[in-house]
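Every read-out reported here was derived from the displayed coordinates using simple, explicitly stated rules and does not represent laboratory data. Just so we're clear, the structure is a prediction, and the values are computed from it rather than from any experiment. Every residue, glycine among them, receives a Cβ derived from its backbone with ideal geometry; neighbour counts consider all protein chains shown.
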Amino acid sequence: MLSLCMELRKDPITRSWVITGDDVPESAPRPEPFCRFCPDSREPPQLIASVSGMPGAPWSARAVVHPTALYHIEGEATRRGDGIYDRMRPIGAHEVLVENAAHDRHLWSASDLEIEQFLLLAAQRIQDLKGDGRFKYVGIYKDHGNSAGQEFEHPTSQLTATTFVPRRVLYELRAAREYFQSKERCVFCDIISQEMKQDLRVIELRGDFIALCPYAPRVPYESWIVPRTHEAAFERFGLNRPGTMRDLGALLRRTLQRIRTITEGFHLVLHTSPNSLHRSGNLGYWKTIDEDYHWHIEIMPILALKAKSYTFKEVYYSPLTSETAVKRLRDARIEL
Ligand SMILES: [Zn+2]
Ligand SMILES: [Zn+2]
Ligand SMILES: [Zn+2]
């Protein structure tokens, strides 16, 4: 098994965890002659959960175990010291969320109803895994295009449940807590209200959601989708107000269509609050999390720009302002 030799190590300076080991294959996996995620697959992956809702389809979205999972569900993480260092076993969950039964219906080409079913499945999977006290964070991401490291041809996203909070989320949580401590307001709510007022970087509004280009983009055309009503947890929002997932699905579809008029490859990540079962833990950011954090989706398009030197990579370099990016995204010709 690939991952038995993998382990998690903590960087003592940034306090972020990395997964490392010597078993990573040197070459890319060979393309398979059949699709394992299609309904008629000869080697179906292990099923975890499924939602139906589309007439005529065997299922509309489903969660399966990742065929080469980085994290495994059995056992305890058993954090160990190694001199000044910390390490632990990669306990967690690694699932593939199959977005659609059809091999060619993507988040930008599926119907709003199909995307809604996928979003509801995502919410259910996060809520279910948050019931496991070992997991501190459950996140969902999608890499599309060769440049993004796309793994499967079939329309899929991936979910990981981890015994630690990933670095970017940890930075956001700390920053959101500090902002809340000084202003008693949610920084995301403040961003939304300023963006609505200025209307310089808003791509589109849909129902309770806003799509915008962030003020300080990490890459050209970086786009966020954020609920306009304050809520820290995506899964609570999605499952308590299921009708809203149709609007989110439509806005996600339209935003991806806009981005695809510029480039094919992108990374997408859903950021939601960490597992509140750990609220009583030693980290203070759990205390006001429902007030200070605000779930959102980040999309980082991949442009075939000239590779920048290392000095540039130390600081995000985006040779296009969000004010210019938003004009092109707003004006992009997309389907309805
Ligand atoms: Zn397929
Ligand atoms: Zn908020
Ligand atoms: Zn984020």
Under 10 Å, Cα contacts only: if you run a Gaussian network model on the chain, which one of LEU129, LEU97, LEU212 comes out with the highest mean-square fluctuation? LEU129
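Return a whole-number percent for the relative contact order of the chain, with Cα pairs under 8 Å and 6 or more residues apart as the contact set. Walk me through the numbers before you get to the answer.
Numbers: 654 pairs, mean separation 58.0, N = 336.
Once divided by the residue count of the chain, the mean separation gives 17 percent.
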In whole percent, what relative contact order does segment 79-218 give with Cα contacts below 8 Å and a gap of six or more residues? 21 percent
What distance in nm lies between label points placed 7 Å from Cα along the C-beta direction at GLU264 and GLU76? 4.9 nm
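Could you work out the Kirkwood radius for segment 155-264, taking every pair of different alpha carbons, averaging 1/r and inverting it, reported in Å? Numbers along the way, then the final one.
Details: mean 1/r = 0.0637 Å⁻¹.
In segment 155-264 this quantity evaluates to 15.7 Å.
At 222 nm, what helix-only mean residue ellipticity would the chain give, in deg cm²/dmol to the nearest 500, using -39500 (n - 2.57) for each DSSP H run of four or more?
About -8500 deg cm²/dmol.
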Net lengthening on full extension, ARG185/LEU113 (0.36 nm per residue, minus Cα-Cα): 22.5 nm
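If you take all C-alpha pairs in segment 207-248, what percent of them are over 15 Å apart? Don't skip to the answer; put the middle values down first.
Numbers: 402 of 861 pairs.
Result: 47 percent of Cα pairs exceed 15 Å.
When N counts the residues of segment 62-146, how does its alpha-carbon radius of gyration compare numerically with 2.2 N^0.38 Å, as a ratio? Intermediate values should be presented prior to the final figure.
Working: Rg = 16.2 Å, N = 85, 2.2 N^0.38 = 11.9 Å.
Cα-based Rg divided by the globular estimate yields 1.36.
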Using a simple spin-label model with points 7 Å from Cα along the Cα→Cβ vector, what separation in nm is obtained for ARG333 and GLU7? 5.7 nm
Contact order normalised by length for segment 172-292, with contacts defined as Cα pairs under 8 Å and 6 or more residues apart; what percent is it? 29 percent
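Taking only complete DSSP H runs, can you tell me which helices of the chain stretch 18 Å or more along their own long axis by Cα positions and average at least -1.0 on the Kyte-Doolittle scale? The partial results should precede the final answer.
On the way: long enough: 112-130 (27 Å, 0.08); 167-183 (24 Å, -1.04); 244-260 (24 Å, -0.46).
Sorted by number, the helices that extend far enough and score high enough are 112-130, 244-260.
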In the Gaussian network model of the chain, springs joining C-alpha atoms below 10 Å, which of VAL65, VAL315, VAL51 carries the largest mean-square fluctuation? VAL315
Within the chain, which is the longest segment containing none of the GluC sites (Glu not before Pro) that sit in a DSSP loop and have at most 15 other Cβ atoms within 10 Å? 185-263
Segment 1-140 - convex hull of alpha carbons, volume per residue in Å³: 149 Å³
Just need log10 I(q)/I(0) for the chain at q = 0.11 Å⁻¹, Debye formula, equal scatterers on the alpha-carbon atoms, no solvent, rounded to two decimals. -0.76
Spherically averaged projected area in nm², based on the convex hull that wraps the Cα atoms of segment 103-225: 9.9 nm²
Lone cysteines in the chain, going by a 4.7 Å Cβ-Cβ cut-off? CYS5, CYS213
Under a Cβ-Cβ cut-off of 14 Å, what is the net charge of the residues other than PHE266 that fall near it, where Lys and Arg count +1 and Asp and Glu count -1? +1
In segment 37-108, the trypsin sites (Lys or Arg not before Pro) that fall in loop regions by DSSP, at most 11 other Cβ within 10 Å: ARG42
